[in-house]
Amino acid sequence: MSQLILFAIDIGAVALLVFGLYFPRHRRRDLVVAYLGVNVGVLAVASALSASDVGAGLGLGLALFGVLSIIRLRSTELDQHEVAYYFSALALGILGALSTTSVWLSAGLMGLILVVMFVGDHSRLLRHYRHQIMVLDTAVTDHVTLVAQLEQLLGARVHVATVQRLDLVNETTVVDVRYSVKGRTARAAATPAPAGAHR
């Protein structure tokens, strides 16, 4: 009976994770089925292994390896927060399948995962910090000059500027920029750039 309660709590938790946190914030429909599938798949495999003679540790290790392979071999790029949601769905499935001394312990750990994801992925957390790849129509070889030019373009303080490609023939610089904005500048940076802007 306690196992069925854990199953129900897991389904509710992953539904909250996906439909209450992830999708309203990021709107990637393709990852909804991925997170649900990972959670229910791990829940089913771990439950079957815990009831058999096969070591649960071996089964969970294989499940982790499988999920890591899926994440690694995907043709489309995943952001770090999307990887975090993958592991959260995986952890919820494991907690829902493993028998513990207390159902409420597992439920509490599931709740902890949801709280951490709610806070960690909240738009107000470190909201002044931005990250983007910029293409400059000049070849800038001096780092100090590059940072000054980026700060002028962005109207923000640049913390890290990593040149990814420097083309001296076509006079372009591709740079990975991490910067911070504040107040009115932050709201302006959140507004999409007009068509034709070169960033």
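Tabulated data for the structure shown
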read-out	value
Residue-normalised accessible area of the stretch 79-159, given per residue in Å² at a 1.4 Å probe	58 Å²
Label-point gap, in nm, between Arg178 and Phe87 - each point 7 angstrom along Cα→Cβ	1.7 nm
With all protein chains modelled, accessible area of Arg25 [1.4 Å, Å²]	80 Å²
Computed E for Ser102/Ala15 - FRET, C-beta separation, R0 30 angstrom, nearest 0.05	0.85
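The values are calculated or read from the model by the stated rules, or taken from the named source; none is laboratory data. Quick caveat, the model's predicted, so the values are computed rather than measured. Counting neighbours? That spans all protein chains shown, and the Cβs are built from the backbone with ideal geometry, glycine included. Only protein heavy atoms, including side chains, enter the accessible area calculation; ligands, DNA and RNA are left aside. Shrake-Rupley method; radii C 1.70, N 1.55, O 1.52, S 1.80 Å.
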